[in-house]
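Below: the structure, in structure tokens.
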Amino acid sequence: MTAHLLAPPERRWECPSCDLQDVTHETRPHARMHSCAGLGGLTVPMVPAGVRAEHRLVEREDYVGREQVQLHEGRPVMNVTTIRDEGQDCTVYAPSVDARLSVS
Ligand SMILES: [Zn+2]
């Protein structure tokens, strides 16, 4: 009896908003994310190579206050929607806050 090693699968990715292409060899379901040069460094998902898609930014329209939010060109971004021919995905940028605990 001989053992045969299977080659890990190769998945090719491309970004709808910049020229970046990449290859992953992950066996589990996954999405390739990257800091996109075309979107000012926002972390957005790539799509499988050959899939027509676009990224659509959604600005946050409510009061930001002291929350730490993701900015694009100085404007707060709530999410990026990746729109494909057969569906869409949404990447949400949840705001965060600072909390300090003083113990005396
Ligand atoms: Zn990109």
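Odds and ends about this structure:
- Only one of P45, P9, P95 that is of a type outside the set (K, R), touching a residue at least 40 places away in the same chain (Cβ under 8 Å) and open to solvent by less than 80 Å² (accessible area, probe 1.4 Å): P45
- Restricted to segment 1-59, the set of strands (runs of 3 or more DSSP E) holding at least 3 residues that are over 12 Å from the mean Cα position of the chain (by Cα) comprises 11-14, 21-24, 53-59.
- Residue check, V47 out of contact with any Asp or Glu (no Cβ under 6 Å at 6 or more places or on another chain), among the β-branched types (V, I, T), within 16 Å of the ligand (Cβ to nearest atom) and under 30 Å from A7 (Cβ atoms): yes
- Every residue from segment 61-88 that is part of a loop (DSSP other than H, G, I, E, B) and touching a residue at least 24 places away in the same chain (Cβ under 8 Å): V64, R66, E67, V69, Q70, E73, D85
- Condition check for V103: surrounded by 10 or more Cβ atoms within 10 Å (Cβ to Cβ) and part of a loop (DSSP other than H, G, I, E, B): no
The values are calculated or read from the model by the stated rules, or taken from the named source; none is laboratory data. Because the structure is a prediction, the values reported are computed rather than measured. Because the Cβ atoms are built from the backbone with ideal geometry, glycine has one as well, and the counts that use them run over all protein chains shown. All accessible areas refer to the heavy atoms of the entire protein, side chains included, with ligands and DNA or RNA removed. Shrake-Rupley method; radii C 1.70, N 1.55, O 1.52, S 1.80 Å.
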